[in-house]
Amino acid sequence: MSPGTAAKMQWACAVSDHADAAQAAAEVAEVIRQQLGPVPVDLCLAFFTVSHVAQAEAIAVELRRALTPATLAGVSARGVVAREREIEQGVALSVIAGRLPGVGVQPFVMLHDVWREPMDDTAAFDLAAPGARGAELVLMCGDPFSLDAERILGAFHRHAPGVRVVGGMASAGMRPRSNVVFLNEWISAEGGFAIALHGAIRADVVVSQGCSPIGPPLDVTHVEGNVILTLDGQPALERAEGVLRAVPEDQRHRLDQGLFVGRAARGDASGPGDWLIRNLLGADRERGAIAVADHIRLREKIRLHVRDAKAATEDLEMLLAPQEFDSAASAALLFACNGRGSNLFGAPHHDIERLQQALRRPGGASVPASGMFCAGEIGPVGERNFMHGHTASIAILRPRT
């Protein structure tokens, strides 16, 4: 906490569509200073679109100069979230900053070379992820081409059980070294960052699905890596096509939204939020196999899913409903899949509007909020953190009283 920080947790956010990155950063910093005053901030997060990737360093330099944050982090994205808007196209820089009295903010860089080997030793984990164990929340962002987030989350499960991790993968570029992440003075086209939050802060986490299941759970009876050869003892493609043929006629229009595979995240996966959604990469009719964008285990249960705007809306609203009866939120971070937004709902601002509706108090202003559209979202299901697809992963922040 910086000297002179006010006694109350305070957040502010701002967005700029200026084409020049340094000017955009100056604009958002000025708005944030107007809301928070001139005192240095404890944490500043920046989310910016593809047109700013080449100028990311200018964003970092200007935000450091204007806001003197104790911790500054940024990540590139296809689209960004800015208070009440989801900006899915064009130029945008969205920044959220906070003064956080009594909150420990411990950032660390994540590099592939450090995390590529199994991390079986707790001391090694503490060295690679200082402050992660015992944190109220860990924010994590990274480049999807150079950072094995699922391996990192596995290490969290072993060494920091119960610590929730929320964030997402950079999505501005679709090839290696086309994204950028930065943390304080470090800036790179590879790797990622995490920020552990401790102390006088409370985080509620919501992970809402964008798909709904069709057909019964299926038992994986023969698999090679990400290629499933048999389901329930039958050729996988034949069994999957049997499920699709059994969909009632009045529900068959749902199949037009695309077909996905859900992996059970916990227990018997009895609820819609208990499945990890993975892309279906294709089928090999000669072998009767289907390929999934993940490694599948023998004997695990999978279930076919389709994108479902109505179910996604109902799920998000149900999960956010308790927030209307909680104390006033101070800030929110939204990490949404690239497949959501207008692509799924047919109109912009869907997730952020419902989030703000749940958090806004009668007669009150909207809550400072920021975030991005991701190439994979990070969030907990039960006691374990996962990499998701087609979800909205949300952190709602309040002072701990």
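The values are calculated or read from the model by the stated rules, or taken from the named source; none is laboratory data. This is a predicted model, so every value here is computed, not measured. When we count neighbours, we look across all protein chains shown, and the Cβ atoms used for this are built from the backbone with ideal geometry, even at glycine.
Filter the stretch 93-113 for residues that are outside any strand (DSSP E or B) and either touching a residue at least 40 places away in the same chain (Cβ under 8 Å) or crowded, with 16+ Cβ neighbours inside 10 Å (or both) and give the result. Working first, answer last.
Going through the stretch 93-113, the residues outside any strand (DSSP E or B) turn out to be 100-102, 111-113.
Listed by number, the residues that qualify are Leu100, Pro101, Gly102, Leu111, His112.
Evaluation of Phe125 against the conditions (1) touching a strand residue (DSSP E or B) at 6+ places or on another chain (Cβ under 6 Å); (2) assigned to a helix (DSSP H, G or I); (3) aromatic (Phe, Trp, Tyr) shows that the sole unmet condition is (1). Taking the condition of being over 25 Å from Gly273 (Cβ atoms) and assigned to a strand (DSSP E or B), how many residues in the stretch 202-231 meet it? So the count comes out to 6. Filtered by the rule that a residue be more than 13 Å from Ile302 (Cβ to Cβ) and among the β-branched types (Val, Ile, Thr), the stretch 228-247 gives a lone residue, Val247.
Taken as a whole, the condition of being surrounded by fewer than 19 Cβ atoms within 10 Å (Cβ to Cβ) and touching a helix residue (DSSP H, G or I) at 6+ places or on another chain (Cβ under 8 Å) applies to Thr313. Restricting attention to the stretch 1-26, and to residues there that are in a loop (DSSP other than H, G, I, E, B) and modelled with pLDDT of 95 or more, which single residue is surrounded by the fewest Cβ atoms within 10 Å (Cβ to Cβ)? Residue satisfying both the conditions and the ranking: Ala19.
Hey, among Asp120, Asp126, which residue is out of contact with any Phe, Trp or Tyr (no Cβ under 9 Å at 6 or more places or on another chain) and modelled with pLDDT under 95?
Numbers: Asp126 fails: modelled with pLDDT under 95.
It is Asp120.
Only one entry of Leu147, Leu153, Leu139 meets the criterion of being in contact (Cβ under 8 Å) with a residue 40 or more places away in the chain, assigned to a strand (DSSP E or B) and surrounded by 16 or more Cβ atoms within 10 Å (Cβ to Cβ), and that entry is Leu139. Across the stretch 367-391, the number of residues qualifying as under 18 Å from Leu276 (Cβ atoms), part of a loop (DSSP other than H, G, I, E, B) and hydrophobic (A, V, I, L, M, F, W, C) comes to 1.
If I ask for residues that are of a type in the set (Val, Ile, Thr) and under 17 Å from Ser393 (Cβ atoms), which ones from the stretch 292-348 would you list? Spell out how you get there, then give the answer.
As a first pass, look at the stretch 292-348 and keep what is of a type in the set (Val, Ile, Thr): 292, 296, 302, 306, 313.
Once the filter is applied, which keeps residues that are of a type in the set (Val, Ile, Thr) and under 17 Å from Ser393 (Cβ atoms), the stretch 292-348 yields only Thr313.
Taking the condition in contact with a helix residue (DSSP H, G or I) (Cβ under 7 Å, 6 or more places away or on another chain) and within 21 Å of Gly379 (Cα to Cα), does Arg99 pass? In short, no. Scanning the stretch 251-264 for residues that are within 17 Å of Val207 (Cα to Cα) and either touching a Phe, Trp or Tyr at 6+ places or on another chain (Cβ under 6 Å) or surrounded by fewer than 19 Cβ atoms within 10 Å (Cβ to Cβ) (or both) yields Gly262, Ala264. Residues of the stretch 354-366 that are part of a helix (DSSP H, G or I) and crowded, with 16+ Cβ neighbours inside 10 Å: Arg354, Leu355, Gln356, Ala358, Leu359. A residue that is hydroxyl-bearing (Ser, Thr, Tyr) and either under 28 Å from Phe260 (Cβ atoms) or buried (at least 23 other Cβ atoms within 10 Å of the Cβ) (or both) cannot be found anywhere in the stretch 319-337. Does any residue of the stretch 55-73 turn out to be out of contact with any strand residue (DSSP E or B) (no Cβ under 7 Å at 6 or more places or on another chain) and under 20 Å from Val103 (Cα atoms)? Yes, there is a match, as at least one residue in the stretch 55-73 is out of contact with any strand residue (DSSP E or B) (no Cβ under 7 Å at 6 or more places or on another chain) and under 20 Å from Val103 (Cα atoms).
Look at the stretch 163-188: where a residue is touching a residue at least 12 places away in the same chain (Cβ under 8 Å) and a partner is surrounded by fewer than 23 Cβ atoms within 10 Å (Cβ to Cβ) and of a type in the set (Lys, Arg), sitting 6+ places away or on another chain with Cβ atoms under 7 Å, you get Val163/Arg133; Ser171/Arg78; Ala172/Arg78.
Restricting the stretch 163-190 to residues that are among the small types (Gly, Ala, Ser) and touching a Pro at 6+ places or on another chain (Cβ under 9 Å) leaves a set whose member that is surrounded by the fewest Cβ atoms within 10 Å (Cβ to Cβ) is Ala189. Scanning the stretch 114-125 for residues that are surrounded by 12 or more Cβ atoms within 10 Å (Cβ to Cβ) and either among the polar types (S, T, N, Q) or under 23 Å from the mean Cα position of the chain (by Cα) (or both) yields a count of 4.
Looking at the stretch 303-360, which of its residues are among the acidic types (Asp, Glu), closer than 25 Å to Leu244 by Cβ and without any contact (Cβ under 8 Å) to a residue 60 or more places away in the chain?
Glu314
When Ala293 is tested against (1) closer than 27 Å to Met140 by Cα; (2) aliphatic (A, V, I, L, M); (3) at pLDDT 95 or above, just one condition goes unmet, and that condition is (3).
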